[in-house]
Structures are given as C-alpha cells and as structure tokens.
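Have a look at the structure below, then the notes.
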Amino acid sequence: MAARRTRGMTGGSDLSRATVARATAIAELLRYECSILLELYRKKESFTADVTVTESRLVSVPPPSSQLETRDKLWCLHSALLQCRSFLERAITKEEEQLGGGKKGDYETQRKMVKERLSLLLINTGELLKTAGGVMILTPSSEGLELDGPTILFELKLWVYRIFEEVDYWTKTAITTLQALPSVIAKERARTTRVRSTRSARR
Amino acid sequence: MPRLSVSPSSKPNCSPVWLISVLLGLLAIHTNAKDVLTVPQQVILSANMYTQHLTISWLGGAATTFDLMILRTELNETVFYETVSVTMNQVSGRHQWNWTSVEPLECTSLSIKIRSRDGQTTSEWSNTQILQGSDLPSNEKFQMYPQDRIVPVGANTTFCCIVEEGLLFGTIRYGNTVMNTTRLSRRSFATTVVNQELSGETGTNVVCFDNLRTKLTGAVVFVGYPPLPTDFVCETRDLTSAVCQWKEQRDTNLYRKRGTRYSLNKRNCTLSSPEEKQKECSVAQWEGNFTLVAVNPLGQYSLTDSAEINHRVHPVAPDNLTFVVHAWNATVLWQWEYKSYSSLALDCQVELASQGYKTRGVPDAPDVWMWMNKDYTGQVIWKPLTQRQSHGLITGYEVTLWSPEVNFQHTELFSPDTYAVPVNLTQIATRSSDNKVMATVIAKNAAGVSQPASVLIPLRLTDVEPFTVSRAVYTDRGFPLFWQRNPNDTCAYVVEWYEASCKWDCPVEWIKLAAGNTNVTIKSANLQPGVRYNISLYSSSSEAPELLQHWQGYMQELVPSSSVLLSTTQHDSDIVLTWREIPLVNRRGFLLGYNIYISGGSQLTLLANLSDLESRSYTVKGLSQGLYNFTVKAYTSAGEDKGTTASITLEPYTDWLILEILASLGIIALLLAVVTFICYKKRKWVKKAFYPDIPEPKLSGDWSRSQGPLNVKPSPHSLVHMVEKPEWDSSKEVLVVIPEEDEFEGDEPVDTDEPTSLRYYNQVVDERPIRPRFPDSSDSSASSLDSACTDVTYTGIQTSGSSLVFQLDPQGSSEGQQPQADLSVCGGGGGGYRPQMQSRAPSDDIGLASPEPFLEPQAASAGGYKPQSSWHFDSPVDAGESGGLALSLGSPTSVASTQFLLPDGEERAEEQRQPSSSAATWFTNLLSSTKP
C-alpha cells in the first residue's frame, strides 16, 4: 500500500512537472499566435502603432503577489485565462455579427487558432490547479463580466483589439508563472515530505 | 427706409405741404407693409441625425417667402442663408422647410432664424432657435460623427471630430490617409472624403487623434453598392411549389446586417448560402407571376418572372430504379418522387451501360467524307461515333477502296481512334478509265459491324474553278448558306468547309443534307475568328460529288496581322510606292483596300485610299526634294493593319542637269551662229567700222613717164590732223586711218588731185602684235625716209607697227608693188627716195629703226614733209616694246600702194612666228574675200 502510494506520489510529481512543461510550451505557442493575430488585426483595420488601447484591464483578478502560494497563483492565472477565453469567444461572436465579411481569410483562421490554443492552455492550467489542490471556480462568474461589448462599431473594433491584447498579456503572464512553478513545486514537495517524515517519526 | 431727396434747385415754387404729404404717404405705405409681414413665430426644429435633415417649422402668417439663416452658433459662421418660398400647411397652419446639412448635425450647435419677405420688404428676424450640437461643454467626451454610416461608392461624406474637453485636436485619418480639416467650433473639426472607394469588408475606419496621440476616437464607414440581381427565373420540381433562382451581378461589399435582403412575392427569403453568387428562394405554391425585391441600405432592385407551371418543370431523377433482364430484352422500372409526375408528359431516356451485360446493338454507319489533294492523294475521313451511335465500345474500323472497273479492292483495318486514312489513287487513276473510286467505311463493335458508309472519290480532278466565289457572312448562329435547287435533282448535298489557307490534307468539316434542301447554317465550335474558310456545296449522288457552289467567309474579320512589303523608288521627280500582297493567312479579313499615308513627325496624313486591290502601286507627284516617309496600310472591315513605312529621299533629277547644260550650249551655239550671220550680212559695215580700207595713195604728177630720178617734194598741202578721242586708252593707243572715202562719203566729192588729208585717230584696236603681211612697214618707212625726192602721202600712221598689217585690199597690195618698181628707179639720188628693199637692214626690227634715216630727209626736205620724230608718242610702253618698230610709225608708203614693200616670204615667216595673229588674219581675209 505504501509502495503504491509512493508510486502514486511519484507519478503525481512527474505528472505535475510534465504538465507544467506542456502548459509552458502551449503558452509560448499561444503568445506567438497571439502576436500574429494582433498583427493581422492591425493590418485588417489599418491600425497603426499610434492606435493604442491603454485603458484598464478587462480581466479582473486579485493583484499578483509573490506572497501567494503556488495554488493561488495558479488559481489567479487560470481564472484570468478563463475570463480571457470568455472575452475572446464573445469578441469573435460580436465581430462576426457586426463586422463579418463575405470571405474567411487568414485573420479568421488565426483567431480560431488562438481561441483553441487558449482552451488547450486552460486545460493544462486546470490540471495543474487540480494537482495543486486548488478549486476551479471562476471568479467573477461569467455573468459578472461585461461581455456585451460596445454597440458603436469603431468602439467594438477597439474592444476586440483590447481583448486580443488582453489574451496576449495573460499569455505572457502565464509563461512567467509557469516557468516559475517547477522550483516552487520541488520546494513544497520537499517541505511536505519533511513534515510527513516528522510525523512518522513521532508515531 | 425709403428716402426722399429734395434738390434745392428743383421747383422752388413747390409747396412744402405737398412734399410733406408725399413723405407721409410713403411712410404710411411702409408702415402698412410692415404690418402685413409678420415676424415668424414659434420656430420649431426637428432633426434627423442619421439623414442629417433638419426640419424647421414656424407660424408665418400669410407670407409665402422667407429668409432662412442658419449659423454655426459658436463661431457665428453662416451655413445657409437663402430666400425660400414656403406655403402654409392648411391643416397645421404652419410653414415648414427641410434642410440637409453637409456635416452631421451633432458636429456643432446651429442657430436658425427666419424672417418674412415680400419683395424688398422684410420683417424682423424671428427669435433664434438653436439646434444643440454634441460639442457643448457639458458633453466632454471625445466623439466622432457620423457613426457606422453606409454610403455608395463615389459618395462624399463629411466627418467631424469633437475633441475631448481639455485636449487639443490632432489629426483625422481616413484609413491610412491623413485628411485636411476645417474648424467648426472650439472643439469640433470636420473633414470631407470625396469620391469614396469600396471600403474593406469591416468598413473603413476614420480615426481622430488628439495632438499628443494619447487618445483617439473614430467612426466606421461602409462603402458599397446597391443590390443588382440578374437572371431571375422560377421553376418547379414537384409541380406545386416554385424554386426561384437569380444571381448577384456584383458584390455589394455589404454583409450580414448590412447585406442584401430578398423578398419573393413579398415574402422574405432565407438564403441557404448568402455568400454564394447563385441565390435560391422557394415559395410553397406556384403563383405564375414572381417578383423578387432585393434591398440593402443603399437601395433596392426588383425583378419579375412569369410563366405557366408546365413550362417550367425541372424534372427530378427517377427513384427506385429496378431492372428485369431477360436474354434478349430488359425491363427498367422506376418511381417518381412526386405523384404529379404521373400526369406529366415526359420523354424518358434510358442509357444502357455495359457493366456486366453485353450490348446487342451494332454501330450506326459512320458519316464518311473525303479530302483529295491535286495529285490523286487524299484522305478518307469520318466522324467519330457518339456513344449513342456506337452501341457499345467501337473495336475498330474497316476501310475498303473499291473500283469495279479495274477489279481493284483493297481493305484495311484501323484502330477505333482512327478517323482519317490516307489514300493514294495514282495507280488506279492510270489504270481506270472510270472517274471514281468508292471508299467504304464500316464501324465494328462487339455486337457486329455497322452498315457500310461510302463516299465516291473522283479520279478526274480539275483545277478549274468553275464557280464564282460568293461571300458567306457569319451571323450569331453560323454561316447561313442558300442555293438554288434544281427541280430535276434528287440528290443529297454535302457542305464542307476548311481553312482557305490550307492546301494539303486539310482538316475538313462537313455536313450532309437531304435532297430538297436549299439552305443550311454552318456551325462549328472549331471556327476561329480571323480565319478565312472555304465552304463548298457538293451534290451527293451515285456519281462522284460535284461541286455546285463555293463560298468564302470569316467567322469574324480582324485587322490584318501583318503589313504589306513596301518599296519606294524615284521616277523622275515622282515617288512610286509599290507593295506586295499580304499573305492570305495574315489578311484575317476581306481586304477592302489600301490607305496611303505620308508621315510628318508622328502624324500620318492620308494621301490616297485605293479600293482597287489589284493596283498595288501609287505614284506621289509634286514633291520637292527631301526625305519622305510613306506608310501603306491595308484595311478590312475590322480596320487597318499597323502599316509599313518606307522612307525615301527625293534626289535632284540628274537628267535635268544634263539637259540644262545641253540647252545652254545650244543657246550659245545659236547665238554664235546669229552673230556670225549678222556679221556676214553686215560685213561691209563691220569692215568699215573696224577694218576700213586704207585709201590708196594719190600721186600728183605723171609717174609713169619719167624713168629718171624723181625730185620728190612733199606736197605743201599735206595735212595731218590729230584727232583725239575722249575715251582713248593710253595703253592701247593707236592711230587709225580714216579712209578718205569714208570721211567724205556722200558729202564731198573726192578730189584725188588734192593733197591727201590725213586724220589720225586714237582708237582701240587689237593689241596683238600682228606682223605686217606685206613688206615690213619699218623697212618701207625707213626706206622711204631715205628718199628725199619722193612725193609721199602719209596714208596711215599707227602707234603699233602691227596695225599696219591691215592692208586688206589684195588689189591694192598688188597695185602697191608697182610703185615699188617705180621707186627703185630713183634710188641713185643723194637725198632722193630710196627703195625700201635697198635700205633693208639685217634686222627687220631694229636695223631700220635707226634715227638717222629720219634726220636725213628732215634735213633734205624742203619742209613739205612733216617728220615723224615730231609726233608725239603717247604710249612710251608701246614705243619701248616695239623698239625700232615704233620708230617706223608713220612710215611713208608709196603713193601707189598702202602696203609696205615686204616680200611674201617674209610675210609667211612672220605668220609662222606669230600664230596668234592667224585668227585675226583669217577673219580679215574672210571679210576681205567677201568684199564685193
């Protein structure tokens, strides 16, 4: 039983490390795809470099802090990416409704790719969160998000642009967070092991 | 205000009361007018922000003309100020005027005021009504108008940007273009985009930045087209409902909510694939008349279609196809999807496939024709059998050539993809007296062989074109051909056509027609524009095909693909252009003629249009020397070819030069002849004028009887007159003898007894040193000077000794020798006359030129003889040159002769020494010989 548990523990550690690595790779791929999507959108809408969206973040999560535990960090990241996906899905729908054209081109393909890659990243961050013992609750809920978007078309375009930039931002954040995870996991595991050893010795 | 000016000088007696009354009257009229023109009241503004329409209504009383003024409130700039005619709405009692603003009405506040007008009279302005813009200070936001506008291609749209309170305006960009702007108010700036082009699918962004580019706002504009559906047609498949189809001729560039909405008979259509060009919409019941209305934000378009349902049946495929196959027949069974098909008259087509079953039909006979070259070679050709004609897979063809007369038969098998076989009938033609050979083609499939299809090949080919070639004119449906039908003919016809430029084994197409046809329209997918086709009509009977009629035509005439070969030559002063015919293949149309141009710079000037195709040369006349470029262009009904240009430099005509030289020479010769003739005719005058006879010396006393020494005394009355001419030239001074008879001719009788009166003239004569023909004058003069006893008359004195030669009278010369004999008689006298021969010195020129002989007679003479030394020599040059000759001037001669006494031999010697004098001598002789 102990051996099995040990094996299970070992397997769990391995799974976490592999998942982190995979999630990081997906995030990096997503960041690349996001940059292409932003480029295509700027080109499509003739947005030059001076067209900037500098308003506050659309995604609302607790401010990141180095004091947070891994589970909380993962929770924040996962929550932010979940919101990003909600925004992205809404943006795609609104854009199709209001500004959809006759033909589907590179932009539409890239947009779909980013959305799917983001979903894939979410699966991986979800797994990591589960491994870390976190709770997969979206805060705030989907209903709380301002997903309607503007009605004026130019503002809608800026809103879509903001969402793409938001995805880009949180993808970069995800990469940073995930890259920092293996050492944290190792430390925590070491600490957990020490605690258990102490307890065993006491018994 | 009406004004009345009163001049002090006018009507001083006018009553001031009258003036005041007029003034008051006018004032009253003016006041009355003001009473009638009520000031507009209750001005109400109603704005449609999307359409930018502003509706202004007011109570204006009875007035029908109003002045409307619209200003931008903040800057007090006039936007609109016009006099308009507005009638009162009888129901509401209000006047109403609509105005459309160029700028969106949100851009800035507008002030509107109205006044009534009657001619030049106006009311006061109404109270100003303000339509508030979005640039009020209370509305601090960064804004742009109009938003989400949809405009047609080519439209002009004005956008305005209201800068956020506290920011400064930067730029407005339309797409990627920075626009020029105008200020409408403190915060509002406008720009107008003209002749807008299609926007992107998501519209074109109009972005407004602040000056620091920290903030922006914008608008989207969609530029597209109104709908334009075409090819609207409705059909039925189930004989109940209608399925209507149409196409969109162009992309409107407007999609989704801005895309085109269609309605069919006022029922909305839901398109299954809105992005497809081919649209389809159904209605449950066939209504006979269908109206399609296409609407988008830029306009609408409607199409109609009407038809009976039976005329628009689009059959569906049979369902549940089953077969009942027997050994020799099969039964095909099927069902219709719609029951209504049972009452529909349908033609059913059953195709037999050979999958697992053997077809039983033999092929149809192929359609056979032939092509013959001019040397008994040719081709037997046939058309490929269609699938229906084949009745299965064709396995091959069997071709037989057969001539019954020479008992010749040759059969060959060919593969199924063979449709032409070459034939060589040379041998048969030499052996057979018959005119034809029969070619038979049989198609084979698995089921058997087809009926033989035959064609008779003529053996006696003629090169003669028996018929005139008509032109076939292509129409939309092909080449329509017509011919006369011979009532006796019962034969069928074959019409063949091929490219006229082809000469050998040509790919020919044909169509066979039954007897009795008199027209056909030739159609083929192979007909090419710009290609001339020969079209021939043959009779098809038991004999060899006989050519009945011949046409040529083009499916479409084009301009010639090549130009003529042009050459230029100069003929005399003309330029002859000659060119060759364009090859048939390159003509690409029936040539109608040639245009000849002369090109000056880049411009072509038409010289001539030659519609006669046979004349392929043209002469350009009347050109001056220089370089010329000529262009010749052939033209068809489609136009001219590119033309060929040839240059030529027109050279001066060399024959003319030769002619001119010859003519000049001829004229000179003629002139010479005329001069000669005149001289001949007037030789007497000429002689008198230029070569007068020297008068014979007159001797006083009887010389003949006395043989002794003569006591010559100069005549006391010998006179020598020196006559000077004003034009005398010292370099050519001569003294010319004026003959006595000339001097006194006709005036006075010549008194030969009187001492001769001599006049000496200075006259220009030939300078040539002509030597004396007769005995040298110097000799004679020297000799005569020696003689003191001779009575000498001076008959001629010249400064040049040569002048003395002009002793022209031969008679005189012969006579002149007589005195010489006489004179010799008195040679013994001490101071008397000495014969010239005796006093001859060894040197002709110098020896006798000694001055002494002159002195002797001077001393000896009693004074009647005037010595020559006393003469004045005007020309020392001549004197110097001639040396002793000069001294002989004035040499006395014998009275019996004007010639000097020199022997002939001397004369000849002199002539030889002076050849240049021969011409003058000849001329002198000529004149002398002609003396009568």
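Overview of values
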item: Computed E for B:Asn629/B:Asn435 - FRET, C-beta separation, R0 56 angstrom, nearest 0.05; result: 0.45
item: Of A:Lys73/A:Lys172; A:Lys112/B:Lys279; B:Lys266/B:Lys339; A:Lys43/B:Lys279; A:Lys94/B:Lys247; A:Lys104/B:Lys257, pairs whose Cα-Cα distance is over 23 Å; result: A:Lys112/B:Lys279; B:Lys266/B:Lys339; A:Lys43/B:Lys279; A:Lys94/B:Lys247
item: Descending semi-axes in Å of region B:154-253, equivalent ellipsoid built from Cα gyration tensor; result: 45, 13, 10
item: Peptides ranked, highest mean first, by Cβ atoms within 10 Å: ranges B:239-249, B:140-150; result: B:140-150, B:239-249
item: Interface burial for B against A (accessible surface, 1.4 Å probe, total of both chains, Å², rounded to 100); result: 1900 Å²
item: Low-density loop positions, trypsin sites (Lys or Arg not before Pro), region B:652-689 - DSSP coil, at most 15 other Cβ in 10 Å; result: B:Lys682
item: List A:His78, B:His311, B:His53, ordered by accessible area with a 1.4 Å probe, largest first; result: B:His311, B:His53, A:His78
item: Ranked by how many other beta carbons lie within 10 Å on average, peptides B:626-636, B:157-167 from highest; result: B:157-167, B:626-636
item: Cα-based Rg and Dmax for region B:33-133, where Dmax is the largest Cα-Cα distance (Å); result: 13.2, 41
item: Rough spin-label spacing in nm, given labels placed 7 Å along Cα→Cβ, for B:Val675 and B:Phe482; result: 8.7 nm
item: B:Gln349-B:Asn195 pseudo-label distance in nm [points 7 Å out on the Cα-to-Cβ vector]; result: 5.3 nm
item: Intensity falloff of region B:565-654 expressed as log10 I(q)/I(0), Debye formula with alpha-carbon point scatterers, at q = 0.12, 0.15, 0.24, 0.26 Å⁻¹; result: -0.36, -0.55, -1.24, -1.40
item: Of B:Lys374/B:Lys512; B:Lys374/B:Lys444; A:Lys103/B:Lys215, pairs whose Cα-Cα distance is over 26 Å; result: B:Lys374/B:Lys444; A:Lys103/B:Lys215
item: Estimated inter-spin distance, B:Leu565 and B:Trp656, nm [label 7 Å along Cα→Cβ]; result: 3.3 nm
item: Rounded to the nearest 10 Å², the accessible area of B:Ile44 at probe 1.4 Å; result: 90 Å²
item: Low-density loop cleavage sites - GluC sites (Glu not before Pro) in region A:39-132, where at most 10 other Cβ are within 10 Å (DSSP); result: A:Glu55
item: Cα Rg, Dmax (largest Cα-Cα span) when computed across region B:368-554, Å; result: 17.1, 49
item: Order of exposure, largest accessible area first, which applies to B:Thr181, B:Thr568, B:Thr78 with probe 1.4 Å; result: B:Thr78, B:Thr181, B:Thr568
item: For region B:171-223, convex hull of alpha carbons as volume per residue, Å³; result: 86 Å³
item: Buried on assembly, region B:201-233 (at least 50 Å² less accessible surface than by itself, 1.4 Å probe); result: B:Glu201, B:Thr202, B:Asn205, B:Leu216
item: Cut-off under 5 Å, modelled amide H: who pairs with B:Leu228 long-range; result: B:Gln249, B:Arg250
item: GluC sites (Glu not before Pro) restricted to DSSP loop in region B:496-560 with at most 12 other C-beta within 10 Å; result: B:Glu543
item: Accessible surface ranking that places the most exposed of B:Phe690, B:Phe414, A:Phe87 first, with a 1.4 angstrom probe; result: B:Phe690, B:Phe414, A:Phe87
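The values are calculated or read from the model by the stated rules, or taken from the named source; none is laboratory data. Just so it is clear, the structure is predicted and the values come from calculations on it, not from any experiment. Ideal geometry is used to build each Cβ from the backbone, glycine not excepted, and the neighbour counts take in all protein chains shown. The area values use the complete protein model at the heavy-atom level, side chains included, leaving out ligands, DNA and RNA. Shrake-Rupley method; radii C 1.70, N 1.55, O 1.52, S 1.80 Å.
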